[in-house]
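To start, the structure itself, in structure tokens.
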Amino acid sequence: MKNNLNTNKILILGASGRVGKEIYKILKNNFPDSKNNVFGTYHNKKNDHLEHLDLNDLSEIKNIFKTIQPNILIHTAGMIYPIECEENQDLAWNVNVIGTKNIVECCKKYNCKLVYLSSDYVFDGIENIYDESHVVNPINFYGKTKSESEKLVLDLEDSLIVRTAWVNDYDKNSKSFVMQVINSLNNKNFFNAPSDQFGHPTLSHNLAEIVIELIHKKSTGIFNVAGLTFIDRYNFAKKIAETFSLDSSFIHEVSTAELHQPIKRPSRIQLDFKKIQSTVSTKLLTLEEQLEYIKNF
């Protein structure tokens, strides 16, 4: 593992975000010989150790490639909140799709491997279970930007797409589902959780470890990578309350329709993990393991 990662310049786009900062941290802390070859960018969350990058600005993208000349680029940046994408479609398209198109072109120019973080929202949620070969059919604009970006990334010979779901971290200011529930119940506020939305909660640290192992193995193509547990958001919220000894009576079971959200969401996306489990040694964590990890922080 050392030789592969230590001999490459690695650039992480979105290194201040939920997944990017975990990848950045692991590479800096666990591979000391390579830490001077690991670079990251931020957009809104200023960080003195990271370079500013606006995916909407082609000149900034070109400049960072020219300055760093990465061998491996890990793209975790972009607009990630489906409602924001739905309400700001032009901006979401420019950042998520055109930004990725420009990154792909720069990767071609610099002969750089591209690792792209995608989403289970490329699927419609109608099938029983989704493996990597399923035809994509997004039902909201965020999903559309991810599926269109995947097509651009696959145009690169050396590219890796990681489709994930419901990513959570342990930053108290995070908007992740786990931290929303914890903060809400700590403040004795009611929390509405739909019992008709099913998916795979995923721990950002576990996802980062697997992405790094895939890079080390020089993997290409598409992989489903998420938490092992398949659960609805209501019971997910109850598990959070139980783990952190919070009052679950503040959690209200609702339907998606009752939330009056301005977008369509796939109601049930169960992912097949046979491909990733046969490729990496890092194990996918259950929900219980993820929550215990977060609790330890």
Looking only at region 39-51, filter to residues that are in a strand (DSSP E or B) and not acidic (Asp, Glu); which one of those is nearest to residue 7 (Cα to Cα)?
39
Which residue out of 186, 206 is farther than 21 Å from residue 137 by Cβ and surrounded by fewer than 18 Cβ atoms within 10 Å (Cβ to Cβ)?
186
Surrounded by fewer than 22 Cβ atoms within 10 Å (Cβ to Cβ), more than 17 Å from the chain's Cα centre (by Cα), closer than 29 Å to residue 24 by Cα and of a type in the set (A, V, I, L, M, F, W, C): does that describe residue 177?
no
Single match in 273, 297, 230, 250 (criterion: more than 30 Å from residue 87 (Cα to Cα), of a type in the set (A, V, I, L, M, F, W, C) and touching a strand residue (DSSP E or B) at 6+ places or on another chain (Cβ under 9 Å)):
273
May I ask you to list pairs of residues, at least six apart or on different chains, whose Cβ atoms are under 6 Å apart, with the first in region 116-139 being on the phi > 0 side of the Ramachandran plot and the second being surrounded by fewer than 20 Cβ atoms within 10 Å (Cβ to Cβ) and in a strand (DSSP E or B)?
125/268
Take the residues in region 156-169 that are over 22 Å from residue 231 (Cβ atoms), at pLDDT 95 or above and out of contact with any Asp or Glu (no Cβ under 8 Å at 6 or more places or on another chain); name whichever of them is surrounded by the fewest Cβ atoms within 10 Å (Cβ to Cβ).
158
Which of the residues spanning region 114-151 are crowded, with 20+ Cβ neighbours inside 10 Å, among the hydrophobic types (A, V, I, L, M, F, W, C) and over 23 Å from residue 205 (Cα atoms)?
123, 141
Where in region 52-125 are there helices (runs of 4 or more DSSP H), lying wholly inside it, with at least 1 residues that are of a type in the set (Ser, Thr, Tyr) and within 18 Å of the chain's Cα centre (by Cα)?
99-110
Residue 68 vs. criteria under 30 Å from residue 7 (Cβ atoms) and in contact with a Phe, Trp or Tyr (Cβ under 6 Å, 6 or more places away or on another chain):
yes
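The values are calculated or read from the model by the stated rules, or taken from the named source; none is laboratory data. All of these numbers come straight from a predicted model, not from anything done at the bench. Neighbour counts are summed over all protein chains in view; Cβ atoms, including those assigned to glycine, are modelled from backbone coordinates with ideal geometry.
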